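The values are calculated or read from the model by the stated rules, or taken from the named source; none is laboratory data. Remember, predicted model here, so these are calculated numbers, not experimental data. Positions of Cβ are generated from backbone atoms using ideal geometry, with glycine treated the same way; all protein chains shown enter the neighbour counts. To get the accessible areas, we keep the full protein, side chains included, count just its heavy atoms, and leave off ligands, DNA and RNA. Shrake-Rupley method; radii C 1.70, N 1.55, O 1.52, S 1.80 Å.
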Amino acid sequence: MAATILLVGTLDTKGDEYAFVRELIAARGHVPLLMDVGVAGEAGCAADFSAAEVAEAGGSTLARLRAEGDRNAALKVMTRGAVALAGNSASTIGGVLALGGSGGTAVGTAVMRNLPVGLPKVMLSTLTSGDVGPYVGESDIAMMYSVVDIAGLNRISRPIIANAVGAVCGMAEQAVPKVQDKPLIAATMFGVTTPCVTRLRTRLQNAGFEVVVFHATGSGGRAMEKLIRSGFFAGVADVTTTEWCDEVVGGVLSAGSDRLTAAAESSVPQVVSCGALDMVNFWAVGTVPEHFQARRFHAHNANVTLMRTSPNECARIGKAIAQRLSRARAPVTLVLPLGGVSAIDAPGQPFFAPEANTALFDALRAHAGPNVNLVALDLHINDNAFADALASHLIELL
């Protein structure tokens, strides 16, 4: 079945490349839909959405942008316009492909981030060998490195561009097997809470739910918050709220201050716990900031170093979590594992620190609003009985 593939690019500088892409897509039986986001000159090939249309959709005119000569301001206008036009066409698009340097990558990925999860998205970029986190965000964008600059067709660039075309077309052609729809539950997990979440997932699946697990690594938490706001989930089992440690203390895996707000603001029932609130994440041991050198550490692996949260930090973390849960518009149950919050927070384990956990639990109790059903269990977070209790509470809310 033919799919419409949206192409987003600066046709004033990459007209030949996009003409080549358009021919390859048509040869596979699909329909190319070309959007021009170039400002500086005339398009090198015909577009379905002209640069003038994109500028107008972004709140300006092409003539004005050219007269002002401000590349950064023009990029913002063209990005707004491209996102708006692509959004209006989202229901008819079977995939999106963009080729670019810094400007083309910024516009192309902005369009992709605002399109539905699951829609094929391929970005062929000169920047892909570096940090692509700001471009990908919480979306499912496939980034490809162009190796050479996208500046002309040659024996190196042709096959790479053709591979990008093959990637997006192959994704669009891939039929996803249909399964019986079940209510979706979002859950959060770390390696140190895996036994809990694995048992919880089984219990919920046996009760007729489909469980989507997010790795609580900053980007995982942000992705979950975004999908909650998009209406994907009937409920949330936020077992592993560890990203708040990094947000409060200054680790490398923070999900930002909006973590734990989507379910509260979207009226989605949630059961929340304290998974891995005993640890702040840093990369290899040499990357730990100097002012933390006297703290208690555990080498998770060669690339990840964990630092035990102090009683003071735990109190601040508990306050931040409780304050956000107190804004919830739907039922929320907060379950405290009094016997330990991670696999390495137990007697004989490196992060066993009852005084820190006491500070955490006291802060959660002190700052949780009357809307929060607070349950304290004399169990470790990875005890089977604790996972069963989480499942029972969530099923009851739903």
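Odds and ends about this structure:
- Contact order, relative form, for the range 278-329: 37 percent (alpha carbon pairs under 8 Å, 6 or more residues apart, mean separation divided by residue count).
- Accessible surface of the range 110-154, 1.4 Å probe, proportion on carbon and sulfur as whole %: 54 percent
- Full-extension gain in nm, residue 63 to residue 162, via 0.36 nm per residue minus C-alpha separation: 32.2 nm
- All lysines inside 30 Å of residue 178 as judged from Cα atoms, apart from same-chain residues fewer than 8 positions distant: 121, 226
- D_trans [Stokes-Einstein, Kirkwood Rh over alpha-carbon pairs] for the range 248-398, 25 °C, 0.890 mPa s, µm² s⁻¹: 152 µm²/s
- P(r) tail fraction, the range 130-264 - alpha-carbon pairs more than 27 Å apart, %: 39 percent
- Summary value for the range 219-313: 28 percent relative contact order, contacts being C-alpha pairs under 8 angstrom separated by 6+ residues.
- Taking the longest Cα principal axis of the chain as reference, the axis of helix 11-27 is set at about 80 degrees.
- Taking chymotrypsin sites (Phe, Trp or Tyr not before Pro) in DSSP loop states with no more than 16 other Cβ atoms inside 10 Å as exposed sites, the chain has its longest site-free stretch at 1-231.
- Element breakdown for the range 1-47 at a 1.4 angstrom probe: carbon and sulfur atoms account for 55% of the accessible area.
- P(r) tail for the range 61-147: Cα pairs beyond 15 Å make up 58% of the total.
- Using a Förster distance of 25 Å, the FRET efficiency for residue 329-residue 210 (Cβ separation, nearest 0.05): 0.60
- Degrees separating the helix 219-229 axis from the principal Cα axis of the chain, which is the longest one: 80 degrees
- Counting DSSP beta bridges with both ends in the chain, the antiparallel % (nearest 5): 15 percent
- A crude spin-label estimate for the pair residue 73 and residue 2, with each label 7 Å from Cα along the Cβ direction, gives 4.2 nm.
- Ellipsoid semi-axes in whole angstrom, largest first, where each is sqrt(5λ) of the Cα gyration tensor of the range 1-76: 26, 12, 8
- Computed over the chain with a Gaussian network model linking Cα atoms closer than 10 Å, the most mobile of 40, 110, 86 is 40.
- Accessible surface, 1.4 Å probe, highest first, among residues 181, 238: 181, 238
- Percent carbon-and-sulfur accessible area, the range 204-319, ignoring ligands, DNA and RNA, probe 1.4 Å: 52 percent
- Angle in degrees between helix 157-173 and the longest Cα principal axis of the chain, rounded to the nearest 10: 60 degrees
- Per the Debye calculation on the range 239-334 with a single equal scatterer at every Cα and no solvent contribution, log₁₀ I(q)/I(0) for q = 0.25 Å⁻¹ amounts to -1.26.
- Here's the picture: a label point sits 7 Å out from the Cα of residue 349 along the beta-carbon direction, and within the range 227-244 the residues with their amide nitrogen under 15 Å of it are 240-242.
- Annotation: average projected area of the chain is 22.0 square nanometres, based on the convex hull of Cα atoms across all directions.
- Residue 392 exposes around 60 Å² of accessible area when a 1.4 Å probe is run over every protein chain in place.
- At a probe radius of 1.4 angstrom, the accessible area of the chain per residue rounds to 42 square angstrom.
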